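The values are calculated or read from the model by the stated rules, or taken from the named source; none is laboratory data. Predicted, not measured: the structure shown is a model, and the values here were computed from it. Because the Cβ atoms are built from the backbone with ideal geometry, glycine has one as well, and the counts that use them run over all protein chains shown. Calculation scope for accessible area: heavy atoms of the full protein, side chains included, ligands and nucleic acids excluded. Shrake-Rupley method; radii C 1.70, N 1.55, O 1.52, S 1.80 Å.
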Amino acid sequence: MPRFPRRARLRRPGDYDAVLSGGKRYSEQILTAVVKSTIPAAPRLGLAISSRVAPDAVDRNRIKRLARESFRRHRAQLPAVDVVILARAGAGAARPAELRGAFERLWQRIAAASAPRKEP
């Protein structure tokens with residue numbers, strides 16, 4: 001499985017602020033992705049999983065682990081965007097299969113939204 005290098009992560013608070021303040025939101029029942037086009041040629045991922053949504057650290061870490069795993073698998077299909085994943089109510093109690101499905105749908109929607117549109 002491909003690694004998750006530093007250049008594929010959002011690391012600075014300013015990066016998160018830029019995405020969260022001006023990005024487009026894609027929502028699923030238990031997850032939200034905020035997406036903003038970026039200058040670097042590769043997509044980057046940031047995670048914002050609050051303790052209010054998932055009070056147990058085990059649940060927060062599980063959501064983060066599944067997000068990174070899913071992002072690594074789909075990174076090649078994603079455009080040059082910064083993505084911040086936000087957990088919504090119920091994400092901490094969601095089964096891994098539910099989370100994987102939600103991530104799959106989010107990546108597909110992000111890739112489709114940036115695909116060039118064909119003129120009739």
Of the DSSP beta bridges with both residues in segment 26-120, give the percent that are antiparallel, rounding to the nearest 5.
-> 65 percent
Could you tell me which of Val35, Ser51, Asn61 has its Cα farthest along the dipole of segment 20-62 towards the positive end, charges placed at Cβ (Lys, Arg +1; Asp, Glu -1), taken about the Cα centre?
-> Val35
In degrees, nearest ten, helix 57-74 long axis to first principal axis of the chain (Cα) | 20 degrees
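Just the number please: accessible area per residue for segment 5-73, 1.4 Å probe, all protein chains included, in Å².
58 Å²
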Sulfur and carbon atoms: percent of accessible area, the chain [1.4 Å] | 50 percent
Kindly report, to the nearest 10 Å², the accessible surface of Glu104 as traced by a 1.4 Å probe over protein heavy atoms only.
-> 60 Å²
Stokes-Einstein D for segment 16-67 (37 °C, 0.692 mPa s, Kirkwood Rh from Cα pairs), in µm²/s, comes to 264 µm²/s
Pair Phe4, Ser114: separation of 7 Å Cα→Cβ label points (nm) | 1.8 nm
Note on the chain: contact order normalised by length, alpha-carbon pairs under 8 Å, 6 or more apart, percent, works out to 33 percent
Evaluate the charge dipole of the chain about its Cα centre and quote only its size in Debye, nearest 20, assuming +1 on the Cβ of each Lys and Arg and -1 on the Cβ of each Asp and Glu.
-> 360 debye
Surrounding charge for Arg100, neighbours by C-beta under 14 angstrom, Lys/Arg +1, Asp/Glu -1, total +4
Kirkwood Rh over Cα pairs of the chain into Stokes-Einstein at 37 °C, 0.692 mPa s: D in µm²/s?
-> 226 µm²/s
